[in-house]
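The values are calculated or read from the model by the stated rules, or taken from the named source; none is laboratory data. Since this is a predicted model, take the numbers as computed values, not measurements. Cβ coordinates were reconstructed from backbone atoms using ideal geometry, including for glycine residues, and neighbour counts include every protein chain displayed.
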């Protein structure tokens, strides 16, 4: 069935309610049910059947991700109770003694973990929270740093799950040497490159923009979790009690990704192995091995008793419950807007293909459509999968393949914009969870940065398309971004004062 404009109702309802009510779970649920009602033609019983069957299906499809989240919560809790996190924070405080160095350390760690965005979000948060807290950086800022070095880094790293997926989709359209095409888009990927610039710029800047300034002055973004309730932890913990399990988590996960991707059979290369890897299974095995290593390290040294260790496992899982619920709902609303249900993405994409416009304006239009689509559905991968197969044949049929690189860059930029800042995006949710930050606080404080970069990117794509100079996209966007940041910083200081 063709639901037309009604297909965009569920994501709009969910996003609008989340921004108005500041409560994301109810907002997502209402959006999902509205989608079910549209799909079922107003029949309430059929709508509920559709919604909860879809939810069950999504939970089954993503069961390993849920297991990983639970295990990661357990790992973080046992490391905390063993005193490893606190020892690491105390050690780091002697090396990292300013907000700037704390923010830079977080950013650099985010850049290093480029293989997968889920892995990035949760690992960086677990490692950096003690250091961020010690240097009085808000949890909202930590969540922003994590989110800004997750998807934006993965989409320009040739060896990542994102890049491999994109290359596969490009290759399916018949384009020759899709990896080379992907590499050619990186210098034009305005949203990603400008986002990374803002991360470093504001690491050195004393003042922030928007409500982030308020959180940096007085941090109210931190969620109430086990770190705040004064649980007992060992005073004998050492830095390596945190480092060793984390290193094991990373190393085992990487090895398992290479294994599940087929590298060890000798049939594929490293890049292809990462692309075809079972990321969720690898993360589960990595976190499980890390917990086993922690058990072997902590119990014989009596940092924790056996019962305390087991209780920490359960308590750690509880800390991830909110993130698991929100993710489950986000997966469900993504399902209700998919091609099997309301077909939201194809409807939005069809608005472009049925219009008449000059080709030079296509990059900025594609960027805006990709941004809206990914923001509405909360998925960059879904946006790639919809727009690339549509746009590449259009360029081929109209003899405009010389626009291929900049159009693909516009798709990637727009897709990452939505994945970066949508309240229903899985990486946005995981960044909040990894940072221990209130989800709405993260969304609202990150939005001014995302919108600033998004507006600058749009101008870059517009000017470079008009001049037919694709490599001008980022330089033009950079100039516009500096102007926007200067104006917004002045406005922010007037509203919230200096830090």
Q. Out of all the residues in region 45-58, is one or more touching a helix residue (DSSP H, G or I) at 6+ places or on another chain (Cβ under 7 Å) and under 28 Å from residue 296 (Cβ atoms)?
A. no
Q. Do we have any residue at all in region 406-422 that's surrounded by fewer than 24 Cβ atoms within 10 Å (Cβ to Cβ) and more than 20 Å from residue 212 (Cα to Cα)?
A. no
(Q) Quick test for you: out of 54, 64, 59, pick the one residue that is surrounded by 20 or more Cβ atoms within 10 Å (Cβ to Cβ) and within 25 Å of the chain's Cα centre (by Cα). (A) 54
Q. When region 378-419 is examined, which residues are found to be within 23 Å of residue 333 (Cα to Cα), free of Cβ contacts under 8 Å to residues at least 60 places away in the same chain and assigned to a loop (DSSP other than H, G, I, E, B)?
A. 379
Q. Picking from 246, 285, 333, 291, which residue would you name as being without any contact (Cβ under 8 Å) to a residue 60 or more places away in the chain and either part of a helix (DSSP H, G or I) or closer than 22 Å to residue 433 by Cα (or both)?
A. 285
Q.
What's the number of the only condition in (1) over 28 Å from residue 39 (Cβ atoms); (2) free of Cβ contacts under 8 Å to residues at least 24 places away in the same chain that residue 339 fails to meet?
A. (1)
(Q) Could you go through region 264-272 and let me know if any residue there is part of a helix (DSSP H, G or I) and buried (at least 20 other Cβ atoms within 10 Å of the Cβ). (A) no
Q: Only residues that are over 16 Å from residue 433 (Cα atoms) and over 14 Å from the mean Cα position of the chain (by Cα): list them for region 112-155, please.
A: 112, 131, 134, 135, 136, 137
Q) Do you know which residues across region 432-457 are in a helix (DSSP H, G or I) and touching a strand residue (DSSP E or B) at 6+ places or on another chain (Cβ under 8 Å)? A) none
(Q) Which numbered condition in (1) in contact with a helix residue (DSSP H, G or I) (Cβ under 6 Å, 6 or more places away or on another chain); (2) over 23 Å from residue 364 (Cβ atoms); (3) at pLDDT 90 or above; (4) surrounded by fewer than 20 Cβ atoms within 10 Å (Cβ to Cβ) is the only one that residue 499 fails? (A) (3)
Q: Could you please find all residues in region 473-499 being more than 27 Å from the chain's Cα centre (by Cα) and assigned to a helix (DSSP H, G or I)?
A: 487, 490, 491, 493, 494, 495, 496
